[in-house]
Amino acid sequence: MAKKKSIKKNFQIHILIGILALSVLWLVSLMSSSQSIDNISKPEIQKTITPTPALKTYHSDFLKLTFKYPAEYEVEERFNTIILDAEFGQIKIDKLTTNQNNLNEFLKVFDSRRTMEVQIDQRLLIDGHDAAFRTHVFSNTIPSRKVYFIFISEGRVYAFSADDKILYNDLDQIARSFQYDP
Amino acid sequence: MKQKLTTLFLLPLFVLLFLFVSVPNIHAQNLGSWENVDDMRASRFLPQATLLQNGKVLIVGNSSSQGESVAELFNSKTEKWEQTSPVSMAIQGSTVTDLKNGKLLIAGFGYGKNNSELISSEIYDFENNSWVKGGDMIDPRFFHRATLLDNGNVLVTGGLTTSFSILWRAEIYKLTSNSWSEAAQMNSPRFFHTATRLNNGKVLVTGGQINSSTFLKSAEIYDPLTNTWQPTGSMNESRFGHTATLLTDGRVLVTGGTDINITSKGAEIYNPSTGAWSKADDMDTKRAFHQAVLMPSGEVMVLGGSSMNNIDETIATNLVELYSPSSNEWKLMPAMNNVRTFHMAVLLKNGDILVVGGLDSDSEWLKSAEILREKSAPAPFLDLPWNYEGQGKKFEDVGLEINAYFDHSYPLLGGGMIEPANFSNQITAFDGLSDAERDYSRHDGYDWGAYKAGVKNGDPVYPAAPGIAQYVYDRAGGHGIFIDHGNGYQTRYYHLQSTGLIAKTPGVNIPVDRETVIGRVGSTGEHTTGPHIHFGVFQDKNNDGSFNDNIPDGATDPFGWQSADPDPWENYSFFQHGVQKTGNRSYYLWKKKIPKLDKKLTANGGIFEIGRYELFLPEEETLEGLEFSANLFPSEKISEIVVPIGQIINIFLRNPFGELITTLVKPIKITIDFSQADISRFKPGTVSIYSSTDRKTWKKENTLIDFFNKNATTEVDHLTYFALMGERIDTSPPTTSVNLKGVEGKDNWFRFDVEFSLDSIDNQGGLGVEIVLYKIEGEEWQEYTDPIKFSEENSYKIDYYSQDKDGNLEEPKSVEFHIDKTTPEVKVQFNRDKQEIEFIGIDDSGKVDIEEKDFGKKREQIIISDIAGNELVVEDREREKGKRSKLNIYSLSYNDQSFELDKNKFVVAYKEDENGEIKQFDQKLQLNNQDKIVLKYDPKENITKVVEDKKKQEYEGIKILQIITEKGQINYLF
């Protein structure tokens, strides 16, 4: 009788141990699986810090605009035009006057006066105004240009342009930072 | 990529093109008038004048009849003659050849200093301004010709020897060895011939004299490569003393010259390709020993010379003509101031032509020099052709609201011409920027529209300036009006409505002024994109009274050219109907300014505005960019009489090296607006612009006062401080007087309220009092407007002064016054010296007068009055004097207020012995017959016994009982 008891007791212990072991195993497997999930869902991220070039703000009372531009540009305002000069080229901002009262009509007249191919023509809003950015390719030796036209109101258009691809990113940044200051 | 390569390939060509056509950018039709400059240091016959790379002109040779040779330099910037290192030889009939290495070769013959040796060549280093002896010529000669060859050597041909033999021989100066060697002999001896280097490197020699009676029409060509001479076609005329000019197309123009008896006015052209001569149009004037100058436009100008009808009749001329190879025509140009022959002419870097020396008709040697200058820029005369001011706008608000610009590359639209392909799709505006986003290519005028410029459909269009109007119509422009302004310019207005035109019949001339409506804004004509004004300006470049033959070459940008870069339009050369033309120089023609003209001066000058100052810097103030800046200073008195009207301006000009420039090549015009100033305070005729270099010493400049437009203008050729000043009419300050109104006692003491008032008067002839100021002590200055009442008892000090309307300040003055409304009191006591009761006035002023009036019967009045006139009257009804003094203050009257006192008595008994010792000194005050206080002095014990209200006390020494009045009461103390 005592032996039975002892066996029973041993058996219980073994079961207990077995349960414990299983629990441990289960826990371990849980941990390792979550680790492996982590490995999948959270790959090691390498952070690199790209220094953001400093931006300056330019405002013109005469031309009634403000924009931000990279600090390496030198700015010159000449009558109806602002020239941003950098080592590798120029970005120009023209204040245009037109008889047209919307962007589409303006572009229609603009295109009619030139022999060129408009390779890109996308519409957007800049500072709440109808705008278009385009790429003009000319049949003569004028280099192709990327131009933003921002139509303010009846008769007023601003053109931001660059003829060197290396300036296109800066052009985007500058044109899209435009604010009209009447 | 392909486009980039193309650009890279073509770019240098464009650069070369611009270099070639842009410097110098002068056109003969722009030449205006002759102006004498300073005389040379010596009179010269047949001098050599050579333009150096530094812009100066070296003059060498044949100075005066004494033969002394002096070289001098003409500084074209200062237009002054400068000395150069003396030439060691007395050069006669020499040649000067630019070796293109900073040195010149002078070849001929002369003698060293003190006639020491024969010298036949000399080298001048113009950078160092030094001279060295050159190699010895094989044949020293004069009246020969020298030609620079492609290899840098110099070919010398013909001439006269020192023994006056006419030479066949030629020789070559070798640059590398500074030596001479013999060249092949010409086919004919010659002097006063011509020798011209051709484009193929060979040298064409023409004409000349072979002996005293034979003049040549033959020509021959020298080939430097083979050292040979070959005859070529002969001229149509024998010529001696003629000119030969290499034209831009490689042909050679020969003009004038003389035969034995007759001077020619003929001209002919040699074609190197064919070796043949063709007759050119005759000059207007016969001339020999004249000068010919190749203009950058390709035309040839001939100047002066002499004509000989027979051997005894030689007449020098001052006439000048211009030959156009493209049209084969001569045109008369402005004549020189002096007739000249055997003179020299040279084209300066700035496009002017310098002429020096020569002989006059009496064969007198000349030392005079004169310059043919370009026409000066026209005075601005245009305004915008619509009533923008009526819309409440200013020129600067709307002038730059441009729909379409004048395209400086190139405005060929009116001529129906196509521009070079690389210039289509872009414009070059007056700001110098080439732009693909602005409208529009080939445009030859300006478009303004409704939205921003305010030019709306149907609005009246006005002439930009007065003139004579004509109607035109063309398909592209629609209804148009052209206006001739009588100054060589025409303005054109297109796209007008068909109604409202001032005329509708072509060819009818109608005088118009700025008020005349010439049409209505419309959109007639093909391809218009909405109602707008098209406005164009054209110049009658050939001065023939017609503008139509100057389309498009007369197209002018009324905004001028506001860039330091060359104007592509001005330098553009093209053919129209087989005739070579060039573009036009644009000047700023608006009478009003546009804002933000570039601070960098351009060749076209500009108008700059700062505050009330407008500065007009003329075109070609510099040939390079100058940096302009200006500061304003507050006005400061220069003297009591001359004062600035408004601010002082300080103008700076710096060259590209940052150096300050204080002397100007051309005068600048300074205009000062005094519309906001009151110049009525200045003596008439004294308002003027003054200048100074140190703001201490000022100089009056010649000034034009425009009282209608209220501005003053002067032209100066120096900097830096300027101010408008005038002599003041009123230099004396006003005079202010003060008035104190009140009941005055003495010395500004008042016993009642005081009214303070000021009265200011300016001097006679003055401009009047501007302001009166006062300051109460301890307070701030304030403006006096009305009398001020002072009521408080106090002492017052008030400063005051006035300023008149011309700022003259009175020296401040002050006034003091006092208000004392309090009457004095009195102290009554026994005076042992006088042995009587005395009255002592008490007053804050410290200044009281006491008067006793005895009315008899023991009644008296004691009147105590202060300086303000306040009075206390003490009425005494029981006055006794002597050893037993008695006083009864019956009443006290303060000014007019009386107080009757309770019955009182002040009694004093006093005795002294013969030694003056007190024997008795009793003092008593009774009130209502009761002793109030009694003092008895005991001389033995030297004590005073006091009984006060029946209380006894003793005090050492003598005590004096004092009765003091106070506001109608009496008090006592001892």
Using only protein heavy atoms and a 1.4 Å probe, report how much of residue B:162 is accessible, in Å² to the nearest 10.
70
Any chance you could get the radius of gyration and Dmax over the Cα atoms of the stretch B:735-819, in Å?
13.6, 42
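Going by a ≥ b ≥ c, the root eigenvalues of the Cα gyration tensor, does the stretch A:64-182 fall in the rounded group (a/c under 1.5), the prolate group (a/b larger than b/c) or the oblate group?
Details: a/c = 1.63, a/b = 1.10, b/c = 1.49.
Cα axes put the stretch A:64-182 in the oblate bin.
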Members of B:103/B:217; B:394/B:669; B:103/B:541; A:146/B:593 lying beyond 31 Å, as alpha-carbon distances in this model show
B:103/B:217; B:103/B:541; A:146/B:593
Each label sits 7 Å from Cα toward the beta-carbon; between residue B:100 and residue A:168 the label points are separated, in nm, by 4.7
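Rank these by accessible area, largest first, 1.4 Å probe: A:78, B:340. All intermediate terms of the calculation are to be shown ahead of the outcome.
Working: A:78 40, B:340 0 Å².
Descending order: A:78, B:340.
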Which ³J(HN,Hα) values, rounded to whole Hz and listed in residue order, are derived for the stretch B:513-528 from phi using the Karplus coefficients 6.51, -1.76 and 1.60 in 6.51 cos²θ - 1.76 cosθ + 1.60 with θ = phi - 60°, glycine and proline given as x?
10, 5, 8, 7, 7, 9, x, 10, 4, x, 9, 6, x, 6, 6, 6
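Is the stretch B:186-318 best put as rounded, prolate or oblate by its Cα gyration tensor, with a ≥ b ≥ c the root eigenvalues, rounded for a/c under 1.5, and otherwise prolate when a/b is larger than b/c, oblate when not? Walk me through the numbers on the way to the answer.
On the way: a/c = 2.13, a/b = 1.30, b/c = 1.64.
The shape class here is oblate.
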Please list, ordered by chain and number, the residues whose modelled amide H lies under 5 Å from the amide H of residue B:836; skip anything fewer than 5 residues away on the same chain.
B:831
Just name one of B:894, B:587, B:470: the one whose Cα is farthest towards the positive end of the charge dipole of the protein assembly as shown (beta-carbon charges, Lys/Arg +1, Asp/Glu -1).
B:587
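With charges set only on the Cβ (+1 for Lys and Arg, -1 for Asp and Glu), what does the dipole of the stretch B:825-973 come to about its Cα centre, in debye to the nearest 20? Please report the intermediate quantities before stating the final value.
Values: 28 positive and 33 negative charges, 160 e Å.
Dipole size: approximately 780 debye.
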Relative to the longest principal axis of chain B, what angle (0 to 90°, nearest 10) does the C-alpha long axis of helix B:2-22 take?
90
Once the dipole of the protein assembly as shown is set up with Lys and Arg at +1 and Asp and Glu at -1 on Cβ about the Cα centre, which of B:183, B:518, B:385 lies farthest towards its positive end?
B:183
Chain B - charge dipole about Cα centre, Lys and Arg +1 at Cβ, Asp and Glu -1, debye rounded to 20
1620
Find how many whole Å separate the alpha carbon centroid of the stretch B:797-825 from the alpha carbon centroid of the stretch A:105-166.
76
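Could you compute how fast the stretch B:825-973 diffuses translationally, taking Rh as the Kirkwood radius over C-alpha pairs and applying Stokes-Einstein at 4 °C with viscosity 1.567 mPa s? Give it in µm² per second. Numbers along the way, then the final one.
Values: Rh = 15.9 Å.
The Stokes-Einstein estimate is 82 µm²/s.
With every protein chain left in place, what is the accessible area per residue of the protein assembly as shown in square angstrom, probe 1.4 Å? It would help to have the intermediate numbers written out before the result.
Numbers: 53770 Å² over 1156 residues.
Per residue, the protein assembly as shown has 47 Å² of solvent-accessible surface.
Give the calculated FRET efficiency between residue B:54 and residue B:474 to the nearest 0.05, with a Förster radius of 45 Å applied to their Cβ-Cβ distance.
Numbers: r = 51 Å, r/R0 = 1.13.
That pair, residue B:54 with residue B:474, gives E of 0.30.
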What is the dipole size for the stretch B:786-840, taken about its Cα centre, with +1 at each Lys and Arg Cβ and -1 at each Asp and Glu Cβ, in debye to the nearest 20?
300
For residue A:156, which sequence-distant residues (separation of 5 or more, or a different chain) have an amide H within less than 5 Å of its own amide H, given hydrogens modelled in the peptide plane?
A:98
Which positions within the stretch B:435-456 get 50 Å² or more of their accessible surface covered by the other protein chains, compared to the chain by itself, with a 1.4 angstrom probe?
B:436, B:437, B:439, B:451, B:452
Computed FRET efficiency, Cβ-Cβ of residue B:397 and residue B:969, R0 60 Å: what is it to the nearest 0.05?
0.10
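So how much accessible surface do A and B hide from each other in total, probe 1.4 Å, in square angstrom to the nearest 100?
Numbers: alone 12580 and 44570 Å², together 53770 Å².
By this definition, chains A and B bury close to 3400 Å².
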Separation in nanometres of the label points that stand 7 Å from Cα toward Cβ, at residue B:364 and residue B:187
4.5
So, for the Cα atoms of the protein assembly as shown, Rg and Dmax in Å stand at 52.6, 174
Would you work out what percent of the accessible area of chain B, with all protein chains in place, is carbon or sulfur (probe 1.4 Å)?
48
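So between residue B:422 and residue B:788, what do we pick up on full extension, going 0.36 nm a residue minus the alpha carbon distance?
Values: separation 366, 0.36 × 366 = 131.76 nm, distance 8.50 nm.
Full extension of this stretch gives 123.3 nm more.
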Can you tell which of B:221, B:243, B:277 lies farthest toward the positive end of the dipole of the stretch B:186-318, using +1 and -1 charges on the Cβ of basic and acidic side chains (Lys, Arg; Asp, Glu)?
B:221
Potential lengthening between residue B:79 and residue B:274 on full extension [0.36 nm per residue; Cα-Cα distance subtracted]
65.8 nm
Hull shadow area, averaged, chain B [alpha-carbon convex hull, nm²]
74.3
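Rounded, prolate or oblate: which one fits the stretch A:110-172, using the alpha carbon gyration tensor with axes a ≥ b ≥ c (rounded when a/c is under 1.5, else prolate when a/b beats b/c, else oblate)?
Details: a/c = 2.21, a/b = 1.36, b/c = 1.62.
Oblate, since a/c reaches 1.5 and b/c is not below a/b.
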Estimated vicinal HN-Hα couplings, Hz - the stretch B:779-786 in sequence order (Karplus 6.51, -1.76, 1.60; Gly, Pro = x):
10, 8, 5, 8, 6, 8, 10, 9
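If B:285, A:81, B:529, B:662 are ordered by their accessible area, calculated over protein heavy atoms with a 1.4 Å probe, which sequence runs from highest to lowest? Walk me through the intermediate numbers first.
Details: B:285 20, A:81 0, B:529 40, B:662 65 Å².
Ranked list, largest accessible area first: B:662, B:529, B:285, A:81.
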If you plug each phi of the stretch B:717-722 into the Karplus form 6.51 cos²θ - 1.76 cosθ + 1.60 with θ = phi - 60°, what whole-Hz ³J(HN,Hα) values come out, in order, with x for Gly and Pro?
10, 9, 10, 9, 9, 9
Under a cut-off of 12 Å between alpha-carbon atoms, report the aspartates and glutamates in cross-link reach of residue B:797, not counting same-chain residues fewer than 8 places apart.
B:777, B:779, B:816
For the residue pair residue B:833 and residue B:850, what label-to-label distance in nm results when each label sits 7 Å from Cα along the Cα-to-beta-carbon direction?
1.2
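The values are calculated or read from the model by the stated rules, or taken from the named source; none is laboratory data. Every value quoted in this text rests on a predicted model; they were computed, and no experiment measured them. All Cβ positions, glycine included, derive from the backbone under ideal geometry; neighbour counts span all protein chains shown. Remember, those area values only see protein heavy atoms, side chains included, never the ligands or the DNA or RNA. Shrake-Rupley method; radii C 1.70, N 1.55, O 1.52, S 1.80 Å.
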